[in-house]
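The values are calculated or read from the model by the stated rules, or taken from the named source; none is laboratory data. None of these values were measured; they are calculated from a predicted model. Every residue, glycine as well, gets a Cβ built from its backbone with ideal geometry; the counts of neighbours run over all protein chains shown.
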Amino acid sequence: MATPSLPSEVPDRSQPVPPSPPPRRWPRLWVVAGVVIGLTAISCGTVTRTVMAPPSIPGATFVGSAACADCHDKLCRDFKFATHARLEAKGPKALDVGCESCHGPGSLHNESGGAPHTIVNPRKSPEVCFECHLSQRGEFGLPSHHPVAEGRLTCGDCHPPHHGPAVKAGGTAMLGENEACLTCHSAQRGPYVFEHEALRDGCTTCHRPHGSVNDKLLTQRNATLCLRCHFQQQSGGNILIGGMNHSQFLSQGTCWSGGCHEAVHGSQVNSSLRY
């Protein structure tokens, strides 16, 4: 007896059905990879350099530093030896960092014969400096900071912008770093009969000049600051500093607020800086 043929619409299951080909995902993967590479490139570019835009003045155009020299000849002459003058882009389209990078386009200033309101004055606002010095902007927002944001101090009080090193009396000047601080903090200048040797290394050995989370702009808090230099030794349950047991003293407060070493910058009467 003949076997009836199967209907044409019913598949023959006597043979294994080949698996369906996987969906093509390569184009999507290439798109994702491109986005990741692009974001990485942007991220690396933003964290390694600062994007700085000169100040804008409505209606003014750039005229070049040569035009500024017509009136400000001494400033322009001295600026060639300033720290900021070393910032120079390389290549055939290089532009020197000139006056208008900080003061804005100077066409209106020239046309008005030097009217002060037609040009940006960084001494009245630190925002111009913060365009490049981003980390300092953050430091001035810390709990203990020099009053730059409050307008009682300007960046130019410590950093001459037009001539010489960017820090007053810097470079190879003797104790140059301290001079910028001692201009205002004259009581700490001395001379002292018994000086604190840390002053020889500069005020920034103990203080952060722009801002700190610690009181008095200190780099470290409590006795941790002093113990960076003054060696601490434990012997028989005692904490020896300078050969003296400080176990009880350290619980009274910091080395200077506990009533011990109050003359932290120098003393006229005591070698341990007590008075």
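The residue pairs whose first member lies in the range 192-204 and is loosely packed, with under 13 Cβ neighbours inside 10 Å, whose second member is not hydrophobic (A, V, I, L, M, F, W, C), and whose beta carbons are closer than 6 Å, counting only pairs six or more residues apart or on different chains, are Val193/Gln268.
Let's see how each residue does on (1) touching a residue at least 40 places away in the same chain (Cβ under 8 Å); (2) in a strand (DSSP E or B); (3) surrounded by 14 or more Cβ atoms within 10 Å (Cβ to Cβ):
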{"site": "Ala180", "(1), (2), (3)": "no, no, yes"}
{"site": "Cys226", "(1), (2), (3)": "no, no, yes"}
{"site": "Cys229", "(1), (2), (3)": "no, no, no"}
{"site": "Gln233", "(1), (2), (3)": "no, yes, no"}
{"site": "Ser251", "(1), (2), (3)": "no, no, no"}
{"site": "Thr254", "(1), (2), (3)": "no, no, yes"}
{"site": "Glu262", "(1), (2), (3)": "no, no, yes"}
{"site": "Leu273", "(1), (2), (3)": "yes, no, yes"}
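Taking only the range 39-61 into account, find how many residues are at pLDDT below 90 and either of a type in the set (Lys, Arg) or surrounded by 12 or more Cβ atoms within 10 Å (Cβ to Cβ) (or both).
Taking the range 39-61 and keeping what is at pLDDT below 90, we get 39-56.
From the residues that got through so far, the ones that are either of a type in the set (Lys, Arg) or surrounded by 12 or more Cβ atoms within 10 Å (Cβ to Cβ) (or both) too are 49, 52, 54-55.
Number of matching residues: 4.
Determine, yes or no, whether Ala149 is at pLDDT below 90, in contact with a Pro (Cβ under 9 Å, 6 or more places away or on another chain) and not in a helix (DSSP H, G or I). Outline the logic, then answer.
Working: at pLDDT below 90: yes; in contact with a Pro (Cβ under 9 Å, 6 or more places away or on another chain): yes; not in a helix (DSSP H, G or I): yes.
Here the answer is yes, as Ala149 does meet what is asked.
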